[in-house]
Amino acid sequence: MPERGRPVGPVVPVRRERSAARVLQRWARSVLRILVRRLDVTGVERIPTDRPAILAANHTNALADVAVIVALAPRFPRFLASATWWRHAPARALFRFGGVVPVHRRRDGDASRNSEMFSACTEALGAGDHIAIFPEGEMHHGPGLLPLRTGAARIALGAATAGVRGAVIVPLGLVYDPGGL
């Protein structure tokens, strides 16, 4: 049993079964059909299918942003999420099912554990996987972007240093009709 209040997450990436990815993609498409009236996504057409990629999207609507990426990306990506979410049993179960990698933010506690996150990302990219990250570092409802964090660049640089070739960063823009969500 994890220590109360201490985030728990995978230390190394576990490749998701194809069936888990299909279940999550069906869920995401259903959520979008029900909740979203109008959605504009830019950059999806630039996501490669034949090499590793870091999908870097703005973050304005919690799980809806995740649903959009899962539903529209050509391959199921591994998401990064704040390690504080692992404190909640439902989120922890969903994250484990989806292969989410915890990010230990400095303001939330022990950022030194991020070496595990960088290793997991390098391993995933080395296997040709896609990673989804929200470079603003947190969700917000404002009309513009928050200052971007350096995580996507650091992940790409770390993977290249470790010998991963061909990985690209693909910026994604997600815009919802205010009446939709």
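Bear in mind these aren't lab numbers, they're just calculated from the coordinates by the rules spelled out. These numbers come from a predicted model, not from an experiment. Backbone-built Cβ (ideal geometry, glycine too); neighbour counts: all protein chains shown.
List of remarks:
- Contour excess over end-to-end distance, with Cα ends at Asp108 and Ala162 and 0.36 nm allotted per residue: 16.6 nm
- Residues whose amide H falls under 5 Å from that of Leu172, counting only those 5 or more places apart or on a different chain, are Ala56, Ala57, Asn58, with hydrogens built in the peptide plane.
- Around the amide H of His130, modelled in the peptide plane, lie the amide H atoms of Ala53, Arg78, all under 5 Å away and 5 or more residues distant in sequence or on another chain.
- The charge dipole of the range 21-87, taken about the Cα centre with unit charges on the Cβ atoms of Lys, Arg (+1) and Asp, Glu (-1), comes to about 240 debye, rounded to the nearest 20.
- Among 120-133, 93-106, sorting by the average number of other beta carbon atoms lying within 10 angstrom of each residue, highest first, gives 120-133, 93-106.
- Taken one residue at a time, the phi angles of the range 120-132 give Karplus couplings (6.51, -1.76, 1.60, θ = phi - 60°) of 5, 5, 4, 5, 5, 5, x, 8, x, 6, 9, 10, 10 Hz. Gly and Pro are set to x.
- Phi-derived couplings, Karplus 6.51 cos²θ - 1.76 cosθ + 1.60 at θ = phi - 60°, listed residue by residue for the range 102-112: x, 10, 9, 6, 4, 5, 9, x, 8, 6, 5 Hz, with x used for Gly and Pro.
- For the pair Arg154 and Arg96, label points projected 7 Å from Cα toward Cβ lie 2.7 nm apart.
- In this structure, the amide hydrogen of Val101, modeled 1.01 Å from its nitrogen in the peptide plane, lies closer than 5 angstrom to those of Phe79, Leu80, Ala81, counting only residues at least 5 positions away or on a different chain.
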